[in-house]
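**Q** I'd like to ask some things about the structure below.
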Ligand SMILES: [Zn+2]
Ligand SMILES: [Zn+2]
């Protein structure tokens with residue numbers, strides 16, 4: 001087993017912290033519930049903002065309300081992953097309300113659509129073609145660094161727009177997150193495998209924004225092994241016509257033991273009870289100088305869960321902990337190998353562990369998994 005289950009602490013969410021785009025002592029990444037599309041806002045400890053995609057054409061009201069509710073007043077940088085209307089269809093609405101200050105980075109080139117034309121018109125002279133290896137540094141201590149690690153297929157020839165997605169890696173102290181639009185991981189049905197070549201440029205991450213809303217063509221096994229995410233966020237919309245997220249993609253993530261957060265239940269494979277959290281807006285917060293972060297949800301019964309970061313201060317991966325034994329809920333008649341992903345769903349109040357199996361309980365049928 002390649003990882004030990006780490007110390008999930010379900011915290012009470014009685015007091016949701018109020019957030020403003022003034023200075024804070026933490027990094028926030030809000031994966032907004034934008035329906036069938038992508039839209040995430042990074043708020044640096046300095047209050048600076050980076051918008052990663054802005055949502056689906058003609059479905060912009062949720063993110064306008066949300067951005068205002070978290071205190072955003074302006075967008076410093078916008079990064080557009082690719083030119084599908086579910087990723088940059090709200091450029092006009094969002095930037096009219098929250099003016100762009102510095103630059104909008106995209107994959108360059110052109111695209112035959114009215115949505116693309118509206119984007120180019122709105123960002124005007126602030127449009128910039130992203131460069132592989134380019135960084136945006138937000139000057140907190142430690143700095144928030146957004147590094148562009150791939151775009152336009154990363155050297156693989158393709159004319160599938162999803163394959164061309166701009167891939168960004170966010171770093172803050174020991175925390176890493178990857179946001180890569182609709183990048184593909186399978187050479188099939190007009191898609192190309194881009195993920196495999198990008199993986200070494202990303203390395204291990206704490207949080208992965210699942211590519212392409214959980215399409216079967218995203219998130220291949222080599223990619224997952226390389227980036228080894230602790231938490232993954234699927235941005236999916238109820239009633240989408242693509243069957244997202246797909247069973248194939250969710251199974252790969254489940255089998256890798258990744259803790260899953262979905263913005264909505266989508267219209268593909270249903271969320272798995274006790275494993276997939278359907279949470280509306282999914283908010284990742286990383287305190288300054290901390291080796292941990294929290295993931296907070298806003299829909300249904302809001303939850304906050306704490307995770308430890310994967311990386312040491314030197315940026316090298318922490319050795320994968322070896323399983324120490326077994327874990328179980330004192331309220332249940334089954335027990336788990338401690339690496340089993342279901343251990344993460346046991347309330348800390350009920351969690352018990354041991355180096356030998358508990359007496360009188362039976363091993364969970366899916367363990368170790
Ligand atoms: Zn796309
Ligand atoms: Zn998309």
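**Q** If you check residue 206 against the conditions, is it touching a residue at least 40 places away in the same chain (Cβ under 8 Å), buried (at least 23 other Cβ atoms within 10 Å of the Cβ) and within 16 Å of ligand 2 (Cβ to nearest atom)?
**A** Numbers: touching a residue at least 40 places away in the same chain (Cβ under 8 Å): yes; buried (at least 23 other Cβ atoms within 10 Å of the Cβ): yes; within 16 Å of ligand 2 (Cβ to nearest atom): no.
Considered against the rule, which asks whether it is touching a residue at least 40 places away in the same chain (Cβ under 8 Å), buried (at least 23 other Cβ atoms within 10 Å of the Cβ) and within 16 Å of ligand 2 (Cβ to nearest atom), residue 206 comes out as no.
**Q** Search the range 72-96 for residues being within 16 Å of ligand 1 (Cβ to nearest atom) and part of a helix (DSSP H, G or I), and hand back the single one that is surrounded by the most Cβ atoms within 10 Å (Cβ to Cβ).
**A** To start, the set of residues in the range 72-96 that are within 16 Å of ligand 1 (Cβ to nearest atom) comprises 79-91.
Right, trim to part of a helix (DSSP H, G or I) and you get 85-88, 91.
On the way: 85: 19, 86: 26, 87: 28, 88: 33, 91: 27.
Only one residue fits best here, namely 88.
**Q** With the checklist (1) within 21 Å of residue 285 (Cβ to Cβ); (2) buried (at least 24 other Cβ atoms within 10 Å of the Cβ); (3) away from ligand 1 (no atom under 14 Å from the Cβ) in hand, flag the one item residue 230 doesn't pass.
**A** It is condition (2) that residue 230 fails.
**Q** Working only within the range 28-71, note down all residues that are away from ligand 1 (no atom under 15 Å from the Cβ) and on the phi > 0 side of the Ramachandran plot.
**A** Correct list: 47, 58, 71.
**Q** Same structure, new question: Can you go through 218, 190, 197 and tell me which one is over 16 Å from the mean Cα position of the chain (by Cα), within 14 Å of ligand 1 (Cβ to nearest atom) and without any contact (Cβ under 8 Å) to a residue 60 or more places away in the chain?
**A** Of 218, 190, 197, the one residue that is over 16 Å from the mean Cα position of the chain (by Cα), within 14 Å of ligand 1 (Cβ to nearest atom) and without any contact (Cβ under 8 Å) to a residue 60 or more places away in the chain is 190.
**Q** While we're on this one: Take the conditions farther than 17 Å from residue 182 by Cβ and either at pLDDT below 95 or within 16 Å of ligand 2 (Cβ to nearest atom) (or both) and apply them to residue 63. Does it pass?
**A** Numbers: farther than 17 Å from residue 182 by Cβ: yes; either at pLDDT below 95 or within 16 Å of ligand 2 (Cβ to nearest atom) (or both): yes.
Criteria met by residue 63.
**Q** I'd like the residue in the range 335-352 that is at pLDDT 80 or above and in contact with a helix residue (DSSP H, G or I) (Cβ under 9 Å, 6 or more places away or on another chain) and, out of all such residues, is surrounded by the most Cβ atoms within 10 Å (Cβ to Cβ).
**A** 336
**Q** Only one of these is away from ligand 2 (no atom under 16 Å from the Cβ), closer than 19 Å to residue 130 by Cα and surrounded by fewer than 24 Cβ atoms within 10 Å (Cβ to Cβ): 69, 110. Name it. So that I can check it myself, show each step before the final result.
**A** Values: 69 fails: closer than 19 Å to residue 130 by Cα.
When all the criteria are applied, what remains is 110.
Residues are listed down the side, and each one gets a yes or a no for (1) more than 16 Å from ligand 2 (Cβ to nearest atom); (2) part of a loop (DSSP other than H, G, I, E, B):
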{"residue": "199", "(1), (2)": "yes, no"}
{"residue": "217", "(1), (2)": "no, yes"}
{"residue": "233", "(1), (2)": "no, no"}
{"residue": "236", "(1), (2)": "no, yes"}
{"residue": "248", "(1), (2)": "yes, no"}
{"residue": "293", "(1), (2)": "yes, no"}
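The values are calculated or read from the model by the stated rules, or taken from the named source; none is laboratory data. None of these values were measured; they are calculated from a predicted model. Virtual Cβ from ideal backbone geometry, glycine too; neighbours counted across all protein chains shown.
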